[in-house]
Amino acid sequence: DGTQLLADHVVLGVGVNALRNIVRASPTLATRSTEFSHMADLRGTDCMATRVWFDRLVHLPYSANPVWGFDKGIGMTVFDIRTLQAPMHDAEQGSVVEVDFYHAGQLLGMTDEAIIDKVQAHLEQMLPEFR
């Protein structure tokens, strides 16, 4: 309809594939801006990051722990955030753990509660201290 919106910044909350399709479908985006024209060359994978605070300290073997085998085609890394971001979380009573899922497209539609249940179950299976 020819409507124009003026903006200082635009945030596109879409994945790489959707962004490529938007740019391909818009000659204006593809030709007016070098940044947008290069979006078609991006490659990536869906990721999901979770951060969980526990009420007790749990020792992780390393500050970054790669994990696989829980969900077909999905990799994970379990991070000890207290160690990685020290001294930021030193006042916390328990562990602060981040679990990042890679190639996680099939998980992105889950509810927050289901995601936390999945994270908790995976952590308990990895380290009995999380029970």
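Descriptive notes on the structure:
- Between the Cα long axis of helix 16-25 and the first principal axis of the chain there is an angle of about 0°, rounded to the nearest 10.
- A full extension of the chain between R24 and R51 corresponds to an added length of 6.2 nm, given 0.36 nm per residue minus the alpha carbon distance.
- Size descriptor for the stretch 58-118, Kirkwood hydrodynamic radius: 12.9 Å (Cα pairs only, one decimal).
- For the chain, the share of alpha carbon pairs falling in successive 10 Å distance bins from zero is 10, 32, 23, 19, 12, 3 percent.
- When a 1.4 Å probe is rolled over the protein heavy atoms, the share of accessible surface on the chain that falls to carbon and sulfur comes to 54 percent.
- From the alpha carbon centroid of the stretch 22-59 to that of the stretch 65-107 is 19 Å.
- Rounded tilt (10° steps) of 112-126 against the dominant C-alpha axis of the chain: 50
- Heavy atoms of the protein chains alone define the surface here; on that basis the chain has 70 Å² accessible area per residue at 1.4 Å probe size.
- Among L42, L60, L12, the largest mean-square fluctuation in a Gaussian network model of the chain (Cα springs under 10 Å) belongs to L12.
The values are calculated or read from the model by the stated rules, or taken from the named source; none is laboratory data. Small disclaimer: the values here were computed from a predicted structure and weren't measured. What goes into the accessible areas is simple: the full protein's heavy atoms, side chains included, and nothing from ligands, DNA or RNA. Shrake-Rupley method; radii C 1.70, N 1.55, O 1.52, S 1.80 Å.
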